[in-house]
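Only one structure is covered here, and it is reproduced in the block below.
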C-alpha cells in the first residue's frame, strides 16, 4: 500500500497542518510529512485566508486519502478507537465533537486578525471588536470544559481531538500577547509544553520559508 504520508503546508503559519499532525500523534500513527511549498498558489491563498484548499492537510493511509482536519480526526478515531481521540462517555464525546466542530467552522475574525505565526511576538497588539468576541467564546469553551471534566486537558487527564483543535489558538494568544485569566493561561502553558507541540514549534522556528504579508509589523 505504500508509506503513510501527511501532506502539510507551513509549520510556522498553518494552523490546520498543525492540528492534523497533532491528531496523527494522538492516534500513534507514524507518518512521513510532505510539505507543499509556500509559493504554491493554492497553498499561499489558504494561508492568507483568501480561499480554502483541499490540498492540505491530507492524510494518505493504506489506500485512503483523507483531507480536511475534522475528517482526518474522525478517520483516526475509527482507525485507533483505543487511542482516546474522543472521550468514551457518550455525553462527553458529543461535547468534544461539538466544540471541535465549532473551531472547525467558526472563529473567522480570530483567524484573520490573529494569524498563526510561531516565530513572531507582538507585545502591544491591538485586538479589534470582532476578534475579541471570538476570544471570549474560546475562553468560555475552555472554562466550561475544564470545570466539567477536571482538566488539565479540555476533556480530562489526556489530550483529545478538542485539544488538537484549540492548540493553535494557544500559539496565537502567545504571539499576540493576549491577557488571560489564570485557568486559561495554565491551559495554554500546558499545551505549549506538550511534547508534540514543542517538537512542531522547534521545527517551525527552523523553517526557512517566509510569507511577507504574515510577517509584517501589525
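Read-outs throughout are calculated quantities, based only on the coordinates presented, and are distinct from any laboratory measurement. Bear in mind that the values here come from a model prediction, so they are computed numbers and not experimental data. Here the Cβ positions follow ideal geometry from the backbone for every residue, glycine too, while neighbour counts run over all protein chains shown.
Strictly greater than 21 Å: what percent of every Cα pair in the range 90-200 meets that?
32
Normalised by the residues of the range 93-218, what does the relative contact order come to in percent, with Cα pairs under 8 Å and at least six apart? Can you show the working numbers first?
Values: 107 pairs, mean separation 39.8, N = 126.
This gives 32 percent for the range 93-218.
Taking 0.36 nm per residue of sequence separation and subtracting the Cα-Cα distance, how much length would be gained by fully extending the chain between residue 64 and residue 4, in nm to one decimal? Mind dumping the intermediate values first?
Working: separation 60, 0.36 × 60 = 21.60 nm, distance 0.97 nm.
Additional length available on full extension: 20.6 nm.
Could you tell me the relative contact order of the chain? Use alpha-carbon pairs under 8 Å, at least six residues apart, and round to a whole percent. Walk me through the numbers on the way to the answer.
On the way: 301 pairs, mean separation 52.6, N = 218.
Reported as a whole number, the value is 24 percent.
What order, most packed first, do the peptides 15-24, 167-176, 89-98 have when packing is the mean number of other Cβ atoms within 10 Å of each residue?
Numbers: 15-24: 25.8, 167-176: 21.8, 89-98: 14.8.
Highest to lowest by the protection proxy: 15-24, 167-176, 89-98.
What is the Cα coordinate range of the chain on the first, second and third principal axes, sorted by size from largest, in whole angstrom?
So the extents along the principal axes, rounded to whole Å, are 48, 43, 27.
How many nm separate the modelled label positions at residue 126 and residue 205, each set 7 Å beyond the Cα in the direction of the Cβ?
3.1
Which FRET efficiency, nearest 0.05, do residue 94 and residue 179 yield, Cβ-Cβ r, R0 41 Å?
Numbers: r = 32 Å, r/R0 = 0.78.
Calculated value: 0.80.
Bin by bin, in steps of 10 Å, what percent of the Cα pairs in the range 144-205 do you find, going until the bin that has the longest distance?
22, 57, 21, 1
Order of 190-200, 107-117 by packing, highest average Cβ count within 10 Å first? Don't skip to the end; give the middle numbers.
Numbers: 190-200: 16.2, 107-117: 19.0.
Result, highest mean first: 107-117, 190-200.
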